[in-house]
Amino acid sequence: MLGLAPGQRDYEFPPQGRGVVLFVLFNSLCQACREVAPGFVPVAAALAGDGPAGKQVVLVGLGLRDHPRSSLAFAREAGWGFPVLADQSGRLLEALGGPVLPAAYLVGYDPGRGPVVLAVQRGGTDKPGALAERLAEAAAAWLDR
């Protein structure tokens, strides 16, 4: 796995006590993933910035059925500055019902219910600004409840 501290085997949810995580799902060999990956740079900036949901949303890239080195190289090429994990086994992909890649899941955490999916983006987007706005609004609505 990538993006974890050395020796760390588990990923805390919600990370660092924050209540919203954006999981960006990809495979380094997926052409559509390569085309849209740079579009998540402004999404990350919008969600981590000074807006209503800023600094309360954690982004995590998930390379599905991907080698950790390939996932890391993919993230570097795309200009991502957020943690990246790799699921070589494909178990996560199967657990999610084999989503169309790329995909993004905005997930909130409710102590009584556990993880709650707030928004889903399947496939690519040619409007990262609109996606960033939609995800930021969904995160802000969850955090303001």
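The values are calculated or read from the model by the stated rules, or taken from the named source; none is laboratory data. Treat the numbers as computed from the prediction; the structure is a model and nothing was measured. Counting neighbours? That spans all protein chains shown, and the Cβs are built from the backbone with ideal geometry, glycine included.
For the range 107-134, the tally of residues that are among the aliphatic types (A, V, I, L, M), within 13 Å of PHE40 (Cα to Cα) and in contact with a helix residue (DSSP H, G or I) (Cβ under 7 Å, 6 or more places away or on another chain) stands at 2. Name the residue, out of SER28, SER71, that is surrounded by 21 or more Cβ atoms within 10 Å (Cβ to Cβ) and assigned to a loop (DSSP other than H, G, I, E, B). So the residue among SER28, SER71 that is surrounded by 21 or more Cβ atoms within 10 Å (Cβ to Cβ) and assigned to a loop (DSSP other than H, G, I, E, B) is SER28. Can we say LEU64 is closer than 25 Å to ALA136 by Cα, touching a strand residue (DSSP E or B) at 6+ places or on another chain (Cβ under 8 Å) and without any contact (Cβ under 8 Å) to a residue 40 or more places away in the chain? So LEU64 fits the description; yes. So, in the range 88-138, of the ones that are within 23 Å of GLN31 (Cα to Cα) and of a type in the set (Ser, Thr, Tyr), which residue ends up modelled with the lowest pLDDT? So the residue we want is THR125. If the condition is being crowded, with 18+ Cβ neighbours inside 10 Å and of a type in the set (S, T, N, Q), then the range 84-141 contributes GLN121, THR125.
A search for C-beta distances below 9 Å between a residue of the range 35-46 that is farther than 14 Å from LEU101 by Cβ and any residue that is of a type in the set (Asp, Glu) and part of a helix (DSSP H, G or I), counting only pairs 6+ apart in sequence or on different chains, returns PRO38/GLU77; ALA46/GLU133. Name the one entry in PHE23, PHE82 that is more than 19 Å from ALA130 (Cβ to Cβ) and in a strand (DSSP E or B). Step by step, each of PHE23, PHE82 is checked, and only PHE23 is more than 19 Å from ALA130 (Cβ to Cβ) and in a strand (DSSP E or B).
Regarding VAL58, is this residue closer than 25 Å to GLY129 by Cα, at pLDDT below 85, of a type outside the set (Phe, Trp, Tyr) and assigned to a strand (DSSP E or B)?
Yes; evaluated as a whole, the condition is true for this residue.
Considering the range 85-103, and only residues there that are assigned to a strand (DSSP E or B) and under 23 Å from ALA46 (Cα atoms), the residue that is nearest to the chain's Cα centre (by Cα) turns out to be ALA103. Selection within the range 116-130: residues that are out of contact with any Pro (no Cβ under 9 Å at 6 or more places or on another chain) and not in a loop (DSSP other than H, G, I, E, B). The member of this set that is nearest to VAL36 (Cα to Cα) is ALA130.
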